[in-house]
Structure formats: structure tokens, C-alpha cells
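Values in this text are rule-based calculations from the coordinates and carry no lab data. Since the structure is predicted, the reported quantities are computational estimates derived from the model, not experimental observations. Here the Cβ is made from the backbone with ideal geometry for all residues, glycine too, and neighbour counts use every protein chain on show.
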Amino acid sequence: MIARGLEAIRARLPEFGPGDVAAGLLPASFLSGPLGIDLAERGVRFVPSLLCQVLSRSKCAQAEVLSSFMAPHTRAVRRRAELLQAVSDYARLGIGAVVSKQEGMHCGHGVRRWESAEALYNTAAFEDRGFPFVLQPFLADVSDVRVIVVGEYVEAYLRENPFHFRANLAAGGTGRPFPMDPAAERFCRAVMARGRFPYAHIDLQLTPEGKCYLAEIALEAGAAAARIGREELARRKREALEREIAAAAGQTASGG
């Protein structure tokens, strides 16, 4: 059985069994609640995968699952005690300026630079509303590159902002085409494979020394500076999902 969309999935909840396919993007309440867990335990296949849907919605989840692809010492901070531990750890490592990325905020609005983890703690200690967030060392002089990967289609553009370090187009940045290095493409596809993404918008941090780090990954994100049009991008994404659905159904038919 293949159920497409939230309404069809909800209507058939009692009927699902091993190998059935739940296709479509699910709301956060479904992903974080018992329904998704229940279906996964019953052997239902999700397209896109449950993992990539959770990661796409949560910066903190990315920092925990995809940390090996991110800048060293990136971590999720969910409560005050974890922030205090980060203050000690970063001081011991000689890390000065840091960046925090608040959960649930997009377009660069939740990204803040602090002179140190101690400075962040001194502000956050007075309230708990800012938790959870991602904390990482501030990387100076990095290039911010947005990469779109859908099947064989790969496109990259450089995001720049002369006024502050937030390069998001919604935060005043501009974009221009950027040549996609084969090593960077392999890196992106490795991130996608780890998170089980059928397609992705990927933000990379490229250092002057040639290192490549994952900043963020999402199923849906802005593409205003991309050469590919929105309709063509949406068409390619639909095709990618249909291939995933066919693969999931084929695994079921073959007993995989």
C-alpha cells in the first residue's frame, strides 16, 4: 500500500503494515510524536525518510546527527548546564568568538555572533527562552555557498554580504554562480546519504585553507539566486520522490 499525503496517511493508520509506503512531508507534530514512531516500528517505509524530515526541520538535530560534517566543536545546546559546559570546553580549547543558531528561526534571523561563549552565557543566564540552539566557533573569512542537489542536477552559488557575516539573501546578501568542485559535490552527496535525503539545499562553509564544512541542510529552502527556475526545480523534486517511492515499493515486492 502507498499512501500519499498526510490525510491519506492518517486515514489508513490502522491498516499500515511492513513494507507499506507513507509518501509526503509530514508536520512536526507527527514527526516528533508517537505516530511516526509507531509506523516505523510497524515496518512502514517513509518517503522522504523520517530521518531526513526530522533533520530538515531541526538545526539541533543536524548538529547531533551530522556533526562529523560540521566545523569542529559544533554542538547542540538544549539547556543552561550544557551551555556552561560549552563555556569551559571552548575556553580550554582556546576558542574565542562563537556563533549561535537558534532553533526554529530561518533566513539568518536566528544567527548571532558572540565574542565568546562566556558572553553568550552571561546573556542567556537571565532567561531560558532562547534554548535550544546550535553553538559553534566563529569561522572568519569563510565562503558561504548554497548548493542544490536533485538527482544528477547540481548547482552552486556564492552568497555574500559586505555589511555583516550573515550571507542569507533574506538578510541582505547577494548571490552569484559558483563553480562546483567535484570534491565538494562528493561531500554534499555523502551528507545526503548519511541523512537519507532524496534531494537537498545544502549550505557549505569553505575555508581559505580549502576545508569544507556543512552549515545546514534542508529539503526546502530559498533558491532566488539559482539558475534553475522554481517550476523546473519542483518538477525534478517530484521525480526524485517518485523514484524513491518506486524503490521503496520494489524493496517490498522483493522482500527487502
Surface/4 estimate of mean projected area, convex hull on alpha-carbon atoms of the range 141-236, nm²: 5.9 nm²
ARG176 and ALA91 label points (each 7 Å along its Cα→Cβ direction) are spaced in nm at 4.3 nm
For the chain, what is the relative contact order in percent, using Cα pairs closer than 8 Å and at least 6 residues apart in sequence? 19 percent
Backbone N under 17 Å from the ARG78 label point (7 Å along Cα→Cβ), restricted to the range 106-132: 128-132
Sequence of LYS211, LYS101 once ranked by neighbouring C-beta atoms within 10 Å, starting from the fewest: LYS211, LYS101
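In square nanometres, what is the average projected area of the Cα convex hull of the chain?
On the way: hull surface 60.3 nm².
About 15.1 nm², averaged over all directions.
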Connecting C-alpha atoms closer than 10 Å in a GNM of the chain, tell me which of GLU103, GLU209, GLU152 has the biggest fluctuation. GLU209
Under a plain spin-label model, where a point goes 7 Å from the Cα along Cα-to-Cβ, how far apart in nm are ASN122 and GLU209? 2.9 nm
State the extension gain, in nm to one decimal, for the chain segment bounded by LEU25 and GLU232, taking 0.36 nm per residue of separation less the distance between their alpha-carbons. 72.6 nm
For HIS164 and ALA11, what does the FRET efficiency come to when R0 = 35 Å and r is the distance between their Cβ atoms, rounded to the nearest 0.05? 0.15
